[in-house]
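Notes follow once the structure below has been shown.
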Amino acid sequence: MTHRFNRIAADTKKNLLKVQSNVWAKRKKYNFAPLKLIEVNELKEYIIAFKGLSVGEHFFQFRVTQKFFEAMQSHDIYPTDIQVNLKLDYRPGLMTFYIEGAGKITFPCDRCLEEFDFPISYNRTVVYKTGEAEGEDDDVLYISPNDSQVDISQLIYDDIITSIPIRKVHPKNKDGADSCNPDQIALLERQSNQKSVDHRWDALKNIKFED
């Protein structure tokens, strides 16, 4: 009886270990933390550590691609290639960022639906001050005296987004005419002019009603 009891206990322990192993395997399989780490790493280069910088000008360059928008969890993501140049004028308690961006984003044209490279170009000056906020100014930001770095990813994201028009169409050519694909425009116009008719109601047209 004792031998049988020990065997049952051993089998039960073995089964419990097996179940526990499966549970941990599933937790590992469905753990989404690595995805978050990837996003953080993609934005890591946009963190500027200013503690220890010498007084004066410092220069930084960033290349923005669609991976940047994925890390920022943007709703609309398109092929992107934008060069951002940043000059930092560092003074104790005061930092001035001169930001310039230039490049392109590939969009589908809102008129002919054909993809085209939309040029992006912007410049902006942002000031970081140490201390409590004074007034409301989008180009003047405040940081704590204990801060040693700033994350400029949101600044770059906002600058690019605000450079994109609501309606995105092919630019005009050198003659001032639309550069959309004429064949695609003609196809869309034909589709638009085609009226869908429900022929099940055609028989009603022949019914004559008495006055």
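Computed from the coordinates by the stated procedures, all read-outs in this text should not be read as laboratory data. Keep in mind it's a predicted model, so treat the numbers as computed, not measured. Quick reminder, even Gly has a Cβ in these numbers, built from the backbone with ideal geometry, and neighbours come from all protein chains shown.
Looking only at the stretch 68-108, which residues are in a loop (DSSP other than H, G, I, E, B) and either among the β-branched types (Val, Ile, Thr) or in contact with a His (Cβ under 7 Å, 6 or more places away or on another chain) (or both)?
77
Filter the stretch 59-69 for residues that are surrounded by 15 or more Cβ atoms within 10 Å (Cβ to Cβ) and over 14 Å from the mean Cα position of the chain (by Cα); which is farthest from residue 160 (Cα to Cα)?
Filtering first and then ranking leaves 60.
For the stretch 109-138, name all the residues that are more than 22 Å from the chain's Cα centre (by Cα) and without any contact (Cβ under 8 Å) to a residue 24 or more places away in the chain.
132, 133, 134, 135, 136, 137 - these are the residues of the stretch 109-138 that are more than 22 Å from the chain's Cα centre (by Cα) and without any contact (Cβ under 8 Å) to a residue 24 or more places away in the chain.
Tell me which of these residue 111 doesn't satisfy, since it passes every other one: (1) more than 27 Å from residue 167 (Cα to Cα); (2) among the charged types (D, E, K, R); (3) not in a strand (DSSP E or B).
Result: residue 111 passes all but (1).
For the stretch 79-88, indicate whether the set of residues that are surrounded by 14 or more Cβ atoms within 10 Å (Cβ to Cβ) and under 30 Å from residue 191 (Cα atoms) is non-empty.
Taking every residue of the stretch 79-88 in turn, none turns out to be surrounded by 14 or more Cβ atoms within 10 Å (Cβ to Cβ) and under 30 Å from residue 191 (Cα atoms).
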